[in-house]
1. Sort out which residues of the range 42-81 are among the aliphatic types (A, V, I, L, M) and either touching a Cys at 6+ places or on another chain (Cβ under 9 Å) or closer than 30 Å to residue 148 by Cα (or both), and write them in order of number.
2. Could you grab me the full set of residues in the range 43-57 that are assigned to a loop (DSSP other than H, G, I, E, B) and surrounded by 17 or more Cβ atoms within 10 Å (Cβ to Cβ)?
3. Kindly indicate whether residue 136 is of a type outside the set (A, V, I, L, M, F, W, C) and surrounded by fewer than 19 Cβ atoms within 10 Å (Cβ to Cβ).
4. Can you name the condition, by its number, that residue 178 falls short on among (1) at pLDDT 70 or above; (2) surrounded by fewer than 21 Cβ atoms within 10 Å (Cβ to Cβ); (3) in a helix (DSSP H, G or I)?
5. What pairs come out if I take residues in the range 62-80 that are closer than 29 Å to residue 122 by Cβ and assigned to a loop (DSSP other than H, G, I, E, B) and pair them with residues that are of a type in the set (Ser, Thr, Tyr) and modelled with pLDDT of 95 or more whose C-beta lies under 6 Å away, six or more apart or interchain?
6. Could you please tell me which pairs satisfy a Cβ distance under 6 Å, a separation of 6+ or placement on different chains, a first residue in the range 5-23 that is over 18 Å from residue 57 (Cβ atoms), and a second residue that is basic (Lys, Arg)?
7. Are any residues in the range 105-146 closer than 29 Å to residue 24 by Cα, at pLDDT 90 or above and not in a loop (DSSP other than H, G, I, E, B), and if so, which ones?
Amino acid sequence: MLQGADALDLASLTRRYAAGTLRPSQTVSGILERIAARGEDRVWIHRLPRAELEARAAELERRGPEGLPLYGIPFAIKDNIDCAGHPTTAACPQFSYVPRESAPVLERLLAAGAILLGKTNLDQFAAGLVGVRSPYGVPGNTFNPAYVPGGSSSGSAVERRVGIAFQCAGTGLDRRPAAVGQPNRRRRPGELPERGEVEFAGSEQHGFLRRVGHRLTAGMRTTCRSGRGCIRRS
């Protein structure tokens, strides 16, 4: 089982899956307990239903970990990145739409065996620096509630920091979440495909909020493949 203080880093989860002391379904169950214990923390805009998460975990357990570098690894995406069949709001309810296709970055993470938990809060249209410009509320800074969470990937920064997911896919990542305790890895232009993203500007870029000490996130290793051939949104 996944206990309250158990780590969600890639090495720990992979080791436990290989040893048979943890299954993806147990990881999902433990994460849902952690989310429930935090209450209304304004981190999430949309969470995938429990039944969908359990079905994904069961699918992975039937498939097994071979050839899946992110087998059973929980992650979230900022809610300006498309997930087929689930709403994208960019933190603007009036703008909300349900895409038919997922962003290529998300598709690659899922193809590698990761488990999508849901979509996180952000400054509306990713047009903010501190994480307080969202009608869905302001996620609390995990070090000091008097501080801002950092933006625009505010929900992703807080959700990652409190141990709900191993990594979070975001956009426009740079120094702001890092300034309040959550480092990130921002890609170089052309390193990741940008389709399926609501862009604040043409320079908006995918990236991953990561665990302290990881020089390159597993998400970047999995989704980059090669900078060549990536498709930019026009």
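The values are calculated or read from the model by the stated rules, or taken from the named source; none is laboratory data. Treat the numbers as computed from the prediction; the structure is a model and nothing was measured. As a convention, Cβ positions derive from the backbone with ideal geometry for all residues, glycine included, and neighbour counts pool all protein chains shown.
1. Correct list: 43, 45, 48, 73, 76, 77, 81.
2. Once the filter is applied, which keeps residues that are assigned to a loop (DSSP other than H, G, I, E, B) and surrounded by 17 or more Cβ atoms within 10 Å (Cβ to Cβ), the range 43-57 yields 43, 48.
3. Considered against the rule, which asks whether it is of a type outside the set (A, V, I, L, M, F, W, C) and surrounded by fewer than 19 Cβ atoms within 10 Å (Cβ to Cβ), residue 136 comes out as no.
4. (1)
5. 72/17; 72/27; 79/89
6. Here the result reads 9/211, each pair linking the range 5-23 to a residue that is basic (Lys, Arg).
7. 106, 107, 108, 109, 110, 111, 115, 116, 117, 118, 119, 120, listed by residue number.
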